[in-house]
C-alpha cells in the first residue's frame, strides 16, 4: 500500500460558518510534489489550516501522516502567506528563522549550540546563509520565500505546506521558488503541498495536482485532473482546457473575447467566474 | 559626584534607573508588536486609578497599578482587530482621563499632586517608594523573561506561531499585563502623559539601530537609562523638572536615529550616481 500524506474522508470545512469544502473524500500520496490549485476563496488556506490542526472539520474526518491533525506537530513544516507589512521587518532574517526554534516554549529565547546548528543547517539546505544577515525589509519576495522555507525545515518535517509562495513574484523568481521547493522535497523525500492560483509556473514540476473549487476537490496527475470535464465540474461552469506551447490555458466557455486574451488574463477570467459562483 | 550628595537625588537616580530599565525592555516588545498606542492609553487609565485611590485615602501607586493592569488584561481580551481597536482604546482613554479629573475635583487636595501624576516628579520619590518600584520592576521583568520566547515568535510570525501551538491569546493578555506594570512604573517617574518618553522613544530608536532582538532590547534599556540620568543631571543644574530633560533627551536621540540613516543613504545614492557618470543630478 502506498503511504498517504493526507487523507480526507467525507470532510466538510466551514470556517466561521461558511462552507468551503463539502463532503470531500480523497487521498494525497506521500513523497510527492503536489500543487494545490483553485480560484481565490476555493479553500486552499482553509485546507492548510485544517491540516495544521487550527480548524476543526465541521463533518467527516481527516488524517495527516496517519494521525488526526493537532497544532504544534513538528512533522509539518509551514510557510504562511507573506504579509505585506510584517512586524520587525528591520530585523535580520536570522531572527525570523531562529525565532521558530522551540518557539512555543516558555522562557528566554536562548538558542543554544544545537539550536544554532539547526538554524545553520536549515539555512544551508536552501542556500540562504547570506540572506540571514540582511534585514527582512531589504529582501526581495523570492529571497524572503527562500529564507522562510529554511524556517519551515527546522524540525525535519515530513510534510511541507507552502501557502501561495508565488504571490507577487515575477515569472523568473517564481520559477526559482518552484525549483527550490521541488528540490528540497526530493532531497528530503518529503511531501510538499504548494498552493498557487495559477498552474503554469508549476506545470513541469508537479507530480500531482489537488484542485479545489465550489466546495469540491479532485486529486491526481495534472493530465487527469486539469481536463475539460473535471474543471467544468469544479468551476460549476463550462470551461475548456487548452494545451498549447507546453502551457495549459483554462478558458471560460462561450466568451468570444476569450481567444484574443493573453494566457494569464485568460486563466484569471475563468477564476473570477468560478469565484463568483462559489 | 556633587549630584549624588543629596538623599533625594540618590533616590531619584535609583528610581529613574529601575523605571528606565523596565521601560526600555518592555517597550521594545511593545513597539515591535505595534502596540505603542495601547501603552499610551494604559497610562491614562492609570490616572483615574491613581486619583480614585487618593480620593478614598489610599496612596496613588496601588490604584495606578491596579487600573493599568486591569486595563491591559481587558485590552488583551478585546482581541487584535486593529482599525476599530484604536478608536475603542482612544475613547476609553479620554473617558478615563475625564473620570480622573472628576476624582481630583472631589479630592480637594493640592493641584501639585495632579501635576506630578500627569508629568511625574522623580525628585519627590522617597526611599520607601524606591523599594516599591524595585519590587514591581523585578516582577515585570521576571514575567517578561518567562514569556519572551513565545512572545517574540508570536510577534514576528503570528500565523506560524499559532500553527506551532503558541497560545496566542494567553501570550497577548499576559504581555499587556506586563506592559501595564511597566506603564505604572513609568508614570511614577515621568507621569501618565509622558510614558512614551521612556517606554516608546528609546525602544523605537533601538529598533532603528539594532538588527537583532536581544541586542536591540539591551540598547533600548541603555538609551532609556541614559535619558533618565541625563534628565536628572540637567534638572540638578537648571532646576527644571527632571521630566523635561528626559523627554528632550529621548526625543533628540530618536530624531538623530531616524534622520541619520536617510542622510547617509542620500549621500550613498549621490556617490553611486557620481560613479555612474551622472554627476550633474548629484548636485541637487
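Taking neighbour counts of Cβ atoms within 10 Å as a proxy for exposure, in what order, fewest first, do B:236, B:107, B:28 appear?
Neighbour counts put them in this order, fewest first: B:107, B:236, B:28.
Could you check the spin-label model distance between residue B:94 and residue A:110? Points 7 Å from the Cα along Cα→Cβ, value in nm.
In this crude spin-label approximation the distance works out to 4.9 nm.
Going by how many other beta carbons lie within 10 Å of each one, how would you line up A:180, B:152, fewest first?
A:180, B:152
Return the calculated 222 nm mean residue ellipticity for the protein assembly as shown, to the nearest 500 deg cm²/dmol, obtained by summing -39500 (n - 2.57) across DSSP H runs with n ≥ 4 and dividing by the residue count.
Helix contribution divided over all residues of the protein assembly as shown: -19000 deg cm²/dmol.
Output the Cα-based Rg and Dmax of region A:88-148 in Å, rounding Rg to one decimal and Dmax to a whole number.
Final numbers for Rg and Dmax: 11.5, 33 Å.
Once both labels are modelled 7 Å past Cα along the beta-carbon direction, what's the residue A:23-residue B:135 spacing in nm?
6.6
Pick from A:41, A:142, A:103: which residue has the top mean-square fluctuation in a GNM of chain A where Cα pairs under 10 Å get a spring?
Checking each option, the largest mean-square fluctuation is seen for A:103.
Could you work out the mean count of beta carbons from other protein chains within 10 Å of each residue's beta carbon in A:103-116?
5
Quick one: compute a quarter of the convex hull surface over the Cα atoms of the protein assembly as shown and quote it in nm².
About 33.2 nm², averaged over all directions.
Note the full-extension length gain between residue A:4 and residue A:156 as 0.36 nm times their separation in residues minus their Cα-Cα distance, in nm to one decimal.
Length difference between fully extended and current span is 52.9 nm.
Can you give the Rg/Rh ratio of chain A, where Rg is from the C-alpha atoms and Rh is the Kirkwood radius?
My calculation puts Rg/Rh at 0.98.
Just so you know, all these numbers are worked out from the coordinates, no wet-lab data involved. Note that the coordinates shown come from a computational prediction; the quantities given were computed from them, not determined experimentally. Here the Cβ is made from the backbone with ideal geometry for all residues, glycine too, and neighbour counts use every protein chain on show.
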